[in-house]
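Asker: Provided herewith is a single structure, encoded as structure tokens, for subsequent inquiry.
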Amino acid sequence: MLTQSTEVSTIAGELSKSRIWAEQATLRALVNSYLRETQQFDPRMNTEASEIRVILPQIGLKITGTLHHFSATGQHVYGSAWYEAEEGGTHRPLKMDGVIQRLLDEMSYHAKPEQREAEQQKMKQRIRNSVHKMTLFMDHHTKITGESKPKSFSSTEAHLTYVRSEQSLLIGHPFHPFPKSTEGFADYELPLYSPEMGAAFPLYYFAVHEDNVQEEWIGEEHRRDAIDPSVRLHARRQWGEELARYRILPMHPWQAERVLRQSHIQSLMRQRVLIPLGALGPVIYPTSSIRTVWDLKTGNGYKLPLHVRITNLVRDNTQEQARRTLDAAKVIHELSADWSSHIQSESFKVLTETGYSRVCFQPNEVAKRTENPESAKDAGLSQVTTSDAKYDAGHEYSPAATERETATIHELEQLSDQFTVLYRPMDLNPESTYVVASLLESSPGEQEPRLIGVIRDNYPSKNGERPDLLAWLERYLHISMVPMLRLLAVKGIAFEAHVQNSLLSLQDGWPECYYVRDLEGVSIVREQAEAAGWVGSLIAEDSPVLYGAEEPWMRTRYYFFVNHLGALIHALAVHDQHSEQECWRVVRKVLEQLRKQDAGSCPRLAAYIQDLLTAPTLPAKANFTSCFQSRGDAPSFIPIPNPIHFREVTSCL
């Protein structure tokens with residue numbers, strides 16, 4: 001079977017139900033991704049019928065099924081029965097594996113002909129991996145929350161907190177073919193490190209000689225506060241004055257176990273470039289991104305390198321990513337004194353990274369260790385003959401460097417990526433703040449999004465009531481969409497504000513504060529940055545955070561309007577059993593109010609609003625296609641119908 005894991009068999013009991021839920025979620029994501037990326041935006045036979053048709057032109061087939069909910073942005077909900085349409089009007093039943101196989105056969109045409117079979121096998125492997133992990137996560141969740149009868153998330157767990165919301169994203173991206181695939185973790189390691197299984201652990205720490213550490217901070221006080229005092233105290237007691245010229249860096253314990261086995265690292269330890277301090281400090285919690293962790297007591301957060309392939313990409317921290325993040329943080333820090341005046345809101349906050357540390361491994365050190373072939377072989381590296389070719393990511397190397405030197409430098413750069421940590425403290429109320437992505441999911445076997453339960457539990461009414469959801473959405477837009485558009489128009493700053501990068505605080509069930517995080521995804525309009533005087537002072541001319549005007553606007557339309565609002569509106573509409581278009585009318589209403597209020601004094605804002613109200617399409621990421629093309633780091637985008645424009649969606653086939 002395509003979705004049958006080789007690691008675990010389906011057994012009787014709760015795991016069997018978890019497998020069914022995981023397969024259903026996977027199939028829905030695959031079908032919806034396929035329909036979106038082939039421009040079959042309305043698969044219904046007609047707008048009154050519940051029967052849908054999926055056309056696969058390359059392989060000459062049609063698949064039919066039933067539709068339970070039509071989504072304006074493509075998050076359709078289906079019945080469990082699927083059929084292959086045959087000549088003469090007959091329909092042959094298809095199991096989930098059969099539907100998935102046919103979709104893969106069709107989508108493999110996006111790969112080069114000589115690579116189709118290999119790409120399809122890779123896709124199958126990662127889909128299996130994702131289904132397997134999703135099954136284990138759902139099984140764990142149902143075991144810890146009870147299994148007697150369907151209940152709301154809020155009643156099965158005594159209280160939904162921030163940490164619990166981060167650790168209950170069980171399905172993930174609704175338009176990704178393998179949203180829970182992780183290649184690197186063994187099954188026995190999942191309870192130790194996966195947020196979905198409630199993991200918590202202390203970090204591992206290294207002391208690194210200061211000559212080998214590149215750091216950048218937005219303030220010295222942030223550097224002092226980045227490491228827990230108990231870790232510094234332990235290091236001083238154990239190593240004393242020897243650590244005076246060392247920097248202490250945290251590392252994910254899984255990553256530490258991996259790098260400690262590398263002969264190169266062992267050589268550096270013998271030279272006292274690196275000193276392993278061990279697992280120290282408080283227990284921290286991995287968040288929904290797996291490799292970002294948070295300390296509940298101090299609020300310290302760390303974006304750690306993790307050499308695991310999570311969905312498409314291995315999650316190391318490159319020099320460019322660190323530089324982009326800190327450049328964005330410096331700009332936002334510069335604006336902080338007048339923040340509320342720029343966005344005209346006290347309820348929109350950015351959780352900025354405050355600094356980064358990067359271990360820079362230098363070729364001249366390798367030369368010292370590899371003066372003879374035997375020690376070079378022991379280090380596992382090519383011998384380097386030059387002693388002054390210091391590695392510093394972002395700089396070009398001498399044209400005279402030999403091929404072996406270049407290979408060594410590349411290897412050292414990759415090793416540095418595995419030692420680079422970004423610091424992201426998060427000051428928020430852990431009792432009333434939640435990651436939006438988790439709120440929009442339902443617990444396994446249930447229909448109600450967690451958001452509804454959280455609203456109801458915090459609403460002052462004692463009769464199980466909740467606010468009107470359209471009024472709730474309108475308030476949400478005023479604390480998220482409106483400030484975001486103002487900031488882009490006035491200062492040229494755009495965020496990667498998808499639902500996993502978005503946090504929400506509630507008060508009495510109503511939206512109180514919206515947070516956006518992960519500044520690696522920030523893009524800034526170069527023209528506006530230059531006009532503000534940031535270029536050449538705060539950030540360099542070649543900063544990777546700078547773009548032409550179109551890129552930040554494209555990202556805003558996808559990450560916030562398509563990904564974020566598309567998922568939020570879908571969850572609200574499905575729960576209330578009404579058309580998503582009612583919610584999109586609220587979006588249009590708030591945009592028109594903003595145009596009347598602000599746009600006259602800000603031409604850029606007027607242009608953005610006009611585009612949202614009148615453009616026939618919005619951009620969407622084509623994950624299914626990009627996976628077949630091995631373009632995870634540079635995915636394709638496609639146009640989809642703009643639901644704010646109220647244009648009737650139709651299939652293009």
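Asker: So, with +1 on the Cβ of K and R and -1 on the Cβ of D and E, and no other charges, what is the size of the charge dipole of the chain about its Cα centre, to the nearest 20 debye?
Answerer: On the way: 69 positive and 83 negative charges, 174 e Å.
For the chain, the charge dipole is close to 840 debye.
Asker: Next question, about the same structure. Among V54, Q167, H69, whose Cα lies farthest out toward the positive end of the dipole of the range 14-187, if unit charges sit on the beta carbon of Lys, Arg (+1) and Asp, Glu (-1)?
Answerer: So the residue furthest toward the plus end is Q167.
Asker: Follow-up question, since we're still on this one. What does the convex hull of the Cα atoms of the range 527-643 come to per residue, in Å³, rounded to a whole number?
Answerer: Dividing the Cα hull volume of the range 527-643 by its residues yields 138 Å³.
Asker: Moving to a separate point now. What nm value, rounded to one decimal, do you get for the distance between Q266 and E541 when each label is placed 7 Å out toward the C-beta?
Answerer: Each label point is offset 7 Å from its Cα along the Cβ direction, giving 4.8 nm.
Asker: Further question on the same structure: Which order results if I524, I218 are arranged by neighbouring Cβ count within 10 Å, fewest first? All intermediate terms of the calculation are to be shown ahead of the outcome.
Answerer: Values: I524 27, I218 21.
Result, fewest neighbours first: I218, I524.
Asker: Here's something else I'd like to know. Please work out how much length the chain gains when fully extended from D611 to R224, using 0.36 nm per residue of separation minus the C-alpha to C-alpha distance, in nm with one decimal. Mind dumping the intermediate values first?
Answerer: Working: separation 387, 0.36 × 387 = 139.32 nm, distance 4.54 nm.
The D611-R224 span can extend by a further 134.8 nm.
Asker: Could you give the radius of gyration (one decimal) and Dmax (whole number) of the Cα atoms in the range 14-187, in Å?
Answerer: Over the range 14-187's Cα set, Rg and Dmax evaluate to 17.8, 56 Å.
Asker: Output the 0 to 90 degree angle, nearest 10, between the alpha-carbon long axis of helix 319-335 and the longest principal axis computed from the alpha carbons of the chain.
Answerer: Taking the Cα atoms of the chain, the angle to 319-335 is about 80 degrees.
Asker: Counting Lys and Arg as +1 and Asp and Glu as -1, what is the net charge of the other residues whose Cβ lies under 11 Å from the Cβ of V435? Please list the in-between numbers first.
Answerer: Details: positive: R164, R450, R517; negative: E166, E441.
After counting each charged neighbour, the total is +1.
Asker: First select every other residue whose beta carbon is under 12 angstrom from the beta carbon of P511; then total the charges, Lys and Arg +1, Asp and Glu -1.
Answerer: On the way: positive: R475; negative: E474, D508, E512.
Local charge sum for P511: -2.
Asker: For the residues E512, E23, E87, what sequence is obtained by ranking on other C-beta atoms within 10 Å, fewest first? Before the final figure, lay out each step's value.
Answerer: Values: E512 16, E23 22, E87 5.
Going from least to most buried by this count: E87, E512, E23.
Asker: Here's something else I'd like to know. With angles folded into 0 to 90 degrees, how steeply does helix 603-614 sit against the dominant principal axis of the chain? Use alpha carbons for both and round to 10.
Answerer: Helix 603-614 sits at roughly 40 degrees to that axis.
Asker: While we're here: Got a sec? How would C513, C627 order by Cβ neighbour count within 10 Å, fewest to most?
Answerer: Ranked by crowding around the Cβ, least crowded first: C513, C627.
Asker: Could you give the nm distance between label points at D97 and L192, where each point is 7 Å from its Cα heading toward the beta carbon?
Answerer: According to this spin-label approximation, the distance is 3.3 nm.
Asker: If you don't mind, another one. Calculate, for K596 and E346, the FRET efficiency according to 1/(1 + (r/R0)^6) with r their C-beta to C-beta distance and R0 25 Å; round to the nearest 0.05.
Answerer: On the way: r = 22 Å, r/R0 = 0.88.
According to the calculation, E is roughly 0.70.
Asker: Ok, one more. Which value at 222 nm does the chain reach when only helices count, each DSSP H run of 4 or more adding -39,500 (n - 2.57), with the total divided by all residues and rounded to the nearest 500 deg cm²/dmol?
Answerer: Computed ellipticity for the chain at 222 nm equals -12000 deg cm²/dmol.
Asker: I've got another one for you. If I take every Cα pair under 8 Å that is 6 or more residues apart in the chain, average their sequence separation and divide by the length, what percent do I get for the relative contact order?
Answerer: Details: 1152 pairs, mean separation 101.2, N = 653.
Relative CO of the chain lands at 16 percent.
Asker: How big is the range 433-614 by the Kirkwood estimate over distinct Cα pairs, in Å? Intermediate values should be presented prior to the final figure.
Answerer: On the way: mean 1/r = 0.0572 Å⁻¹.
It works out to 17.5 Å.
Asker: Can you compute the FRET efficiency between Q125 and S50 using 1/(1 + (r/R0)^6), with r the Cβ-Cβ distance and R0 = 30 Å? Round to the nearest 0.05.
Answerer: Working: r = 34 Å, r/R0 = 1.14.
Calculated value: 0.30.
Asker: Just add up the charged neighbours of V99: K/R +1, D/E -1, any other residue whose Cβ is under 14 Å from the Cβ of V99.
Answerer: Numbers: positive: R28, R53, K62, R92, K95, R102, K124; negative: E23, E84, D97, D105, E106.
With Lys, Arg at +1 and Asp, Glu at -1, the neighbours total +2.
Asker: Roughly how many nanometres apart are two label points built 7 Å out from the Cα toward the Cβ at H68 and A471?
Answerer: According to this spin-label approximation, the distance is 3.0 nm.
Asker: Taking R0 as 51 Å, what's the FRET efficiency between H578 and K112 from their Cβ-Cβ distance, rounded to 0.05? Mind showing how you got there, number by number?
Answerer: Numbers: r = 45 Å, r/R0 = 0.88.
Once rounded, the FRET efficiency stands at 0.70.
Asker: Additional query: With every atom except the alpha carbons ignored, what do you get for Rg and Dmax of the chain, in angstroms?
Answerer: Answer for the chain, Rg first and Dmax second: 25.7, 85 Å.
Asker: A follow-up question, please. Does a label point 7 Å from the Cα of V77, set along Cα-to-beta-carbon, have any residues of the range 551-585 with amide nitrogen under 20 Å, and which are they?
Answerer: 563-585
Any read-out appearing in this document is the output of simple, stated calculations on the displayed coordinates, not a laboratory observation. What you see is a predicted model, and the numbers here were worked out from it, not measured in a lab. Quick reminder, even Gly has a Cβ in these numbers, built from the backbone with ideal geometry, and neighbours come from all protein chains shown.
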